[in-house]
Amino acid sequence: MVPLGFSPNCQTTAMGIMPHQDIERALEVALSLDIPFWPQLPKVSYFEDMYVQALENFPGVRIDPDHQKIYFDRSRFYEELPSYFEKAEDPQTFRLTKEFSLVYRQFLERDLSHYPAIRGQMISPISLGLKIVDENQKPIIYHDEVREVLFDFIQKKVNQQYYELREKNPNAFVWVDDPGLALIFSALSGYNEVQAKGDLNRFLEGLEGLRGVHLCAKPDWDFLLRSKMDILSFDSFNCGVVIVHYPSLKDFVERGGIISWGIVPTYTELLEQETIPSLMERLETFWEDLFRQGVDQAKLLHQSLLAPATCNLLNPDKERTVEKAFEVLKELSRKIREKYLLTRNHEQ
């Protein structure tokens with residue numbers, strides 16, 4: 001595990017995607033958390049989509065913002081590969097530019113030095129490779145040479161983002177979003193978990209700083225918990241009852257792994273059914289299961305973050321419920337830190 005420069009202590013963070021169309025408001029909400037992040041705002045621009053953002057300068061790709069489509073052609077990939085390799089040692093090739101994220105550049109313009117940590121994100125090469133298809137509608141991850149370039153490409157993009165964020169805060173980290181990870185366990189997948197495990201571990205080993213994975217899906221948890229990651233961010237509101245019974249979760253905590261518990265729902269109907277006491281009870285039920293398995297209470301609390309359960313672009317009230325979820329999250333964190341005598345970094 002990479003050494004921590006901050007104490008998680010049930011402080012707040014959140015996933016990157018937000019439903020906002022007002023960039024300043026989205027930044028204000030993101031910056032209100034203990035560990036802020038730069039928001040991804042796909043309703044502002046197609047280039048804010050997490051798949052589009054990751055593919056800037058990838059050989060063989062053409063992005064059509066008018067029709068909101070990503071095209072990949074293998075012939076074009078091989079034609080552009082020599083030029084790409086010539087630029088592969090230039091950090092500029094892997095920077096997230098203003099065209100592909102208006103928000104990221106504005107985030108970097110802020111004073112972020114007083115936060116205990118700050119966070120970025122990038123789509124995982126596994127999810128990206130399963131999502132993007134070639135001219136024959138075949139996922140590009142199935143092509144060995146394309147996959148090799150893709151994993152190296154995303155690794156370099158994550159590291160470049162990490163270097164830039166670290167200039168703003170020494171405790172910066174970047175996690176990869178992996179919404180498609182559950183697909184590799186399907187019998188229909190042409191990219192199986194054995195191949196994926198080796199690829200994922202090599203990818204994670206090459207990342208600078210804390211190695212985090214975020215997902216809202218339900219993969220084989222052993223697969224992920226036994227990987228080289230340092231941070232697991234997941235939807236504990238829906239998945240917590242299952243994952244706490246995996247012995248590998250106990251092992252993950254004991255070796256220093258950080259868990260970001262996605263506990264506050266962001267869907268209007270679900271959030272309206274919950275209260276801060278009910279969410280606290282749900283979270284503590286998960287923790288008590290782990291305590292009974294022998295997980296040290298102080299260690300688990302120290303290595304925990306709290307977050308919304310999922311991203312959400314679908315509520316009829318647009319950003320209103322999501323912002324309410326952030327407020328509930330902050331109050332929940334305050335209650336838990338008060339109960340368990342946990343401090344924020346700047347309170348120590």
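The values are calculated or read from the model by the stated rules, or taken from the named source; none is laboratory data. It should be emphasised that the depicted structure is a prediction, and the values quoted were computed from it without experimental measurement. With ideal geometry, Cβ positions are generated from the backbone for all residues, glycine too; neighbour counts draw on all protein chains shown. Side chains included, ligands, DNA and RNA excluded: accessible areas come from the protein's heavy atoms. Shrake-Rupley method; radii C 1.70, N 1.55, O 1.52, S 1.80 Å.
Of all residues in the stretch 131-139, at least one satisfies being in contact with a Lys or Arg (Cβ under 6 Å, 6 or more places away or on another chain) and either open to solvent by less than 30 Å² (accessible area, probe 1.4 Å) or more than 22 Å from Asp222 (Cβ to Cβ) (or both). Of the listed requirements (1) surrounded by fewer than 19 Cβ atoms within 10 Å (Cβ to Cβ); (2) touching a Pro at 6+ places or on another chain (Cβ under 8 Å), Ser248 misses just one: (2).
Scan the stretch 277-300 residue by residue and report those that are in a helix (DSSP H, G or I) and either at pLDDT below 95 or open to solvent by 40 Å² or more (accessible area, probe 1.4 Å) (or both). The answer is Pro277, Glu281, Arg282, Thr285, Glu288, Phe291, Arg292, Gln297, Ala298, Lys299. Could you list all residues from the stretch 134-191 that are in contact (Cβ under 8 Å) with a residue 12 or more places away in the chain, aliphatic (A, V, I, L, M) and over 25 Å from Phe100 (Cα atoms)? Those that are in contact (Cβ under 8 Å) with a residue 12 or more places away in the chain, aliphatic (A, V, I, L, M) and over 25 Å from Phe100 (Cα atoms): Ala182, Leu183, Ile184. Filtering the stretch 180-235 to residues that are more than 17 Å from Asp251 (Cβ to Cβ), at pLDDT 90 or above, part of a loop (DSSP other than H, G, I, E, B) and open to solvent by 20 Å² or more (accessible area, probe 1.4 Å) leaves Gly206, Glu208. In a residue-by-residue description of the stretch 121-132, the property of being among the polar types (S, T, N, Q), part of a helix (DSSP H, G or I) and more than 30 Å from Pro36 (Cα to Cα) applies to no position. So Val241 clears everything in (1) outside any loop (DSSP other than H, G, I, E, B); (2) open to solvent by less than 10 Å² (accessible area, probe 1.4 Å) except one condition, right? Which one? With respect to (1) outside any loop (DSSP other than H, G, I, E, B); (2) open to solvent by less than 10 Å² (accessible area, probe 1.4 Å), Val241 is out only on (2).
Here the condition is being of a type in the set (Lys, Arg) and over 20 Å from Ala14 (Cβ atoms); of Arg211, Arg202, Arg282, it holds for Arg202 alone.
A search for C-beta distances below 6 Å between a residue of the stretch 38-65 that is more than 26 Å from Leu112 (Cα to Cα) and any residue that is assigned to a loop (DSSP other than H, G, I, E, B) and open to solvent by 30 Å² or more (accessible area, probe 1.4 Å), counting only pairs 6+ apart in sequence or on different chains, returns Tyr46/Pro65; Tyr46/Gln68; Gly60/Asp73. Those helices (runs of 4 or more DSSP H) of the stretch 15-118 in which 1 or more residues are crowded, with 22+ Cβ neighbours inside 10 Å occupy 23-30, 50-54, 102-108.
Selection of first residues in the stretch 1-27 that are on the phi < 0 side of the Ramachandran plot and in contact (Cβ under 8 Å) with a residue 60 or more places away in the chain and of second residues that are open to solvent by less than 10 Å² (accessible area, probe 1.4 Å) and small (Gly, Ala, Ser), restricted to Cβ pairs under 6 Å at least 6 apart or on distinct chains, gives the following pairs, ordered by first then second residue: Phe6/Ala117; Pro8/Ser304; Thr12/Ser333; Thr13/Ala307; Ala14/Ala307; Met18/Ala26; His20/Ala26.
Screening the stretch 301-322 for residues that are in contact with a strand residue (DSSP E or B) (Cβ under 6 Å, 6 or more places away or on another chain), modelled with pLDDT of 95 or more and assigned to a loop (DSSP other than H, G, I, E, B) and picking the one that is surrounded by the most Cβ atoms within 10 Å (Cβ to Cβ) gives Ala309.
A single member of Val213, Val264, Val244, Val253 is in contact with an Asp or Glu (Cβ under 6 Å, 6 or more places away or on another chain) and under 22 Å from Thr285 (Cα atoms), and it is Val244.
Do you know which residues across the stretch 325-342 are open to solvent by less than 50 Å² (accessible area, probe 1.4 Å), part of a helix (DSSP H, G or I) and within 15 Å of His302 (Cα to Cα)? The answer is Ser333, Ile336, Arg337.
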